[in-house]
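Novice: Mind having a look at this structure? Questions to follow.
The values are calculated or read from the model by the stated rules, or taken from the named source; none is laboratory data. All figures in this text were calculated on a predicted structure; none of them were measured in a lab. No Cβ is skipped: glycine too gets one built from the backbone with ideal geometry, and neighbour counts run over all protein chains shown. For the accessible areas, the whole protein counts, side chains as well, though only heavy atoms, and no ligand, DNA or RNA atoms are used. Shrake-Rupley method; radii C 1.70, N 1.55, O 1.52, S 1.80 Å.
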Amino acid sequence: MTITDVAKHGGSASAKQLAQYIECACSGVMACSTCHVIVNDKWFDLVGPPDDDEQDMIDLAFKPTPTSRLGCQLVLSQKLDGLLIHLPTHTNNIMDNIPFQN
Ligand code: FES
């Protein structure tokens, strides 16, 4: 399960709140960077750096940092229990909040 999976499918209040902010427009195929998250400095060594393909997409994200990752590529595990991530400023899930009409 990734951060994107949590935002899209998680049932907790925290997951629903996360979904309000990260869009994940490409559903995890590394084509959008709308799932950009910033891993807290203290956690980054444990999370690990992005691979080259992920880094290429992070470079297109809004205000990337040295600890940026794509939420769709950040696979959660027991060792990351308590992981602290930050969202870039001005992050907003516009796609899921468009009031489509039938
Ligand atoms: Fe599009 Fe992660 S959801 S790059």
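Novice: Size of the dipole of region 14-102 about the Cα centre, Lys and Arg at +1 and Asp and Glu at -1 on the beta carbon, nothing else charged, in debye to 20?
Specialist: 400
Novice: Let me ask another. Using a probe of 1.4 angstrom, how much of the accessible area of the chain is carbon and sulfur, in percent?
Specialist: Within the chain, the accessible surface is 53 percent carbon and sulfur.
Novice: Next question. So with the 1.4 Å probe, I'd like the accessible area per residue for the chain, rounded to whole Å².
Specialist: On a per-residue basis, 64 Å².
Novice: Still on this model: Pick out, from 93, 37, 71, the residue whose Cα sits farthest towards the positive end of the charge dipole of the chain, with +1 on the Cβ of Lys and Arg and -1 on the Cβ of Asp and Glu.
Specialist: 93
Novice: Using only DSSP helix segments of four residues or longer, with each worth -39500 (n - 2.57), what per-residue ellipticity at 222 nm results for the chain after dividing by its residue count and rounding to 500? It would help to have the intermediate numbers written out before the result.
Specialist: Details: 4 runs with 30 residues, N = 102.
Helix-only estimate at 222 nm: -7500 deg cm²/dmol.
Novice: Under 1.5 on a/c is rounded, so check that first for region 43-92, then, if it is not, pick prolate when a/b is larger than b/c and oblate when it is not; a ≥ b ≥ c are the square roots of the alpha carbon gyration tensor eigenvalues.
Specialist: Verdict is oblate for region 43-92.
Novice: Relative contact order for the chain using alpha-carbon pairs under 8 Å, separation at least 6, rounded to a whole percent?
Specialist: Reported as a whole number, the value is 38 percent.
Novice: If you don't mind, another one. Which residue, 78, 55, 17, tops the fluctuation ranking in a GNM of the chain built on C-alpha contacts under 10 Å?
Specialist: 78
Novice: While we're looking at this one, here's another question. Under the rule of at least 5 residues apart or a separate chain, name every residue whose amide H is placed under 5 Å from the amide H of residue 36.
Specialist: HN-HN under 5 Å from residue 36: 71.
Novice: Here's something else I'd like to know. Pop out the ³J(HN,Hα) list for region 27-34 in order, Karplus 6.51 cos²θ - 1.76 cosθ + 1.60 with θ = phi - 60°, rounded to Hz; leave Gly and Pro as x.
Specialist: Working through the residues one at a time gives 6, x, 9, 6, 10, 9, 6, 7 Hz.
Novice: Now for a different question. Subtract the Cα-Cα distance of residue 27 and residue 43 from 0.36 nm times their separation in residues, and report this length gain in nm to one decimal.
Specialist: Roughly 3.3 nm would be gained on extension.
Novice: Would you kindly derive the ³J(HN,Hα) couplings of region 54-59 from the backbone phi angles with the Karplus curve 6.51 cos²θ - 1.76 cosθ + 1.60 (θ = phi - 60°), listing them in order in whole Hz, with x for Gly and Pro?
Specialist: 5, 4, 4, 6, 4, 4
Novice: Next question, about the same structure. Karplus couplings for region 40-53 from phi (6.51 cos²θ - 1.76 cosθ + 1.60, θ = phi - 60°), rounded to Hz, Gly and Pro as x?
Specialist: 4, 3, 5, 9, 5, 4, 6, 6, x, x, x, 7, 4, 5
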